[in-house]
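Peer 1: Please see the structure below; I have some questions.
What follows draws every value from the coordinates through simple rules; no lab data is involved. Every value quoted in this text rests on a predicted model; they were computed, and no experiment measured them. Here the Cβ positions follow ideal geometry from the backbone for every residue, glycine too, while neighbour counts run over all protein chains shown.
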Amino acid sequence: MQAIGDTQMAMAYAPPTRHLLRAKDLADARYADRLDVEDMAKAAGLSKAHFSREFKAAFGESPHVYLLTRRLERAAALLRTTDRSIADICFSVGLQSLGSFTTSFTRMFEKSPAAYRASFPPAVSRVVVPSCVVRAYGRPQHRPAERG
């Protein structure tokens, strides 16, 4: 316990405050937009420096790393499940540089984006054709007998 004046205050766990959660939710929802730490700080109503310190203390990583992680996780999911180009995926998750994307992705997943994609079955192997289409096109077609 710490004495402050005549009162005693106990140091207790304090959950992350709402303003930090608001910023974290913004990063989760709008990772593909041109979002940066300053935008997250504005959402939290704090200066950029103070926000960065508070965010790291609350969540264990800087807001920049958190946002980059969200983007790279989404890129990995797109690499596994689509045939879109690596450049298209890079830009669609909110990153601006293909070189930085490749470097960051390789650092996180220990494989380049192309090698990561190659380690999964092709996206076309997971294509699901709706059963109504299978039934409609899989039925034998009635053809009248030719008379001749």
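Peer 1: Computed FRET efficiency, Cβ-Cβ of Arg74 and Val129, R0 22 Å: what is it to the nearest 0.05? Before the final figure, lay out the partial values.
Peer 2: Values: r = 26 Å, r/R0 = 1.18.
Efficiency at R0 = 22 Å is approximately 0.25.
Peer 1: Starting from the Cα of Glu110, step 7 Å along the direction of its Cβ; do the same at Ser97; then give the gap between the two resulting points in nm.
Peer 2: 2.6
Peer 1: Check region 16-124 and count each lysine pair with an alpha-carbon distance under 20 angstrom, considering only pairs eight or more places apart or from different chains.
Peer 2: Details: Lys24/Lys42; Lys24/Lys48; Lys24/Lys56; Lys42/Lys56; Lys48/Lys56.
Lysine pairs meeting both conditions in region 16-124 amount to 5.
Peer 1: Restricting attention to the alpha-carbon atoms of region 16-148, what are Rg (one decimal) and Dmax (integer), both in Å?
Peer 2: Gyration radius and largest Cα-Cα distance of region 16-148: 22.7, 89 Å.
Peer 1: Roughly how many nanometres apart are two label points built 7 Å out from the Cα toward the Cβ at Thr82 and Ser47?
Peer 2: With each label point 7 Å from Cα toward Cβ, the separation is 4.0 nm.
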